[in-house]
Amino acid sequence: MSLAAKIEKRFSYNDYLTWLDGERWELIDGVAYNMTPAPSFKHQRIAGNFYRILGNKLSGKSCIPGISPIDVVLSEFDVVQPDVLVVCDKNKITTANIQGAPDLVVEILSPSTAIKDKREKKALYERYGVREYILIDPTENYVERFVLRDGLYGVPDIFGPQEILPLNSLEGIEIPLWEVFEVEAPNAGIKENNNP
């Protein structure tokens with residue numbers, strides 16, 4: 001089925017399940033969004049780094065991280081594949097997918113998906129109660145963090161590549177962004193003054 005044909009109709013999760021395995025799609029309000037071409041190498045490095053750091057910090061805790069591709073089914077007409085996610089309610093995790101809103105969603109911006117991530121997905125995650133939504137810009141090396149308060153995302157907090165990102169949705173978890181972006185750590189070039 002062509003992209004043009006998919007956009008003319010409102011699709012459900014049942015429709016989505018019939019599409020070819022080699023294709024990656026998302027549904028937002030029944031509108032199908034093509035996830036091809038595949039993400040860039042830098043995009044995948046950043047997603048992998050964030051996931052690895054998060055996984056290490058969550059080891060032994062009740063919350064479980066995940067990495068794309070995995071379907072997150074928010075409703076019959078809303079199915080997404082976040083780059084990285086964390087689910088703290090194990091009842092939402094099935095053998096096939098995640099049923100319901102994750103606690104944390106991370107999206108790494110790509111030129112082909114940035115507008116959708118900033119507009120449609122932000123509104124979707126807010127509507128379904130994702131507690132924390134993080135956008136990572138791999139070109140400019142910065143992070144925008146939206147925290148759900150009273151059912152709404154306010155103005156985002158902005159973090160640079162040499163800062164620590166404290167996660168509001170996961171108490172006590174902090175992400176050193178220089179490890180995510182693979183840049184020099186802060187103060188890496190400064191030697192301690194050990195004067196007697």
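Bear in mind these aren't lab numbers, they're just calculated from the coordinates by the rules spelled out. What you are looking at is a predicted structure, and each value in this text was computed from that prediction instead of being measured. Methodologically, a virtual Cβ is constructed for each residue, glycine included, from the backbone with ideal geometry; neighbour enumeration extends over all protein chains shown.
Among the residues of segment 106-114, is any surrounded by fewer than 16 Cβ atoms within 10 Å (Cβ to Cβ) and farther than 19 Å from M35 by Cβ?
Checking segment 106-114: not a single residue is surrounded by fewer than 16 Cβ atoms within 10 Å (Cβ to Cβ) and farther than 19 Å from M35 by Cβ.
Condition first: in contact with a helix residue (DSSP H, G or I) (Cβ under 8 Å, 6 or more places away or on another chain), surrounded by 14 or more Cβ atoms within 10 Å (Cβ to Cβ) and without any contact (Cβ under 8 Å) to a residue 40 or more places away in the chain. Now tell me which residues in segment 168-189 satisfy that.
P186
If I filter segment 128-136 for residues that are in contact (Cβ under 8 Å) with a residue 60 or more places away in the chain and either under 23 Å from N49 (Cα atoms) or in contact with a Gly (Cβ under 8 Å, 6 or more places away or on another chain) (or both), do I get at least one hit?
So far as segment 128-136 goes, yes, one or more of its residues are in contact (Cβ under 8 Å) with a residue 60 or more places away in the chain and either under 23 Å from N49 (Cα atoms) or in contact with a Gly (Cβ under 8 Å, 6 or more places away or on another chain) (or both).
When the residues of segment 148-167 are narrowed to those that are of a type in the set (D, E, K, R) and assigned to a loop (DSSP other than H, G, I, E, B), which ends up surrounded by the fewest Cβ atoms within 10 Å (Cβ to Cβ)?
D150
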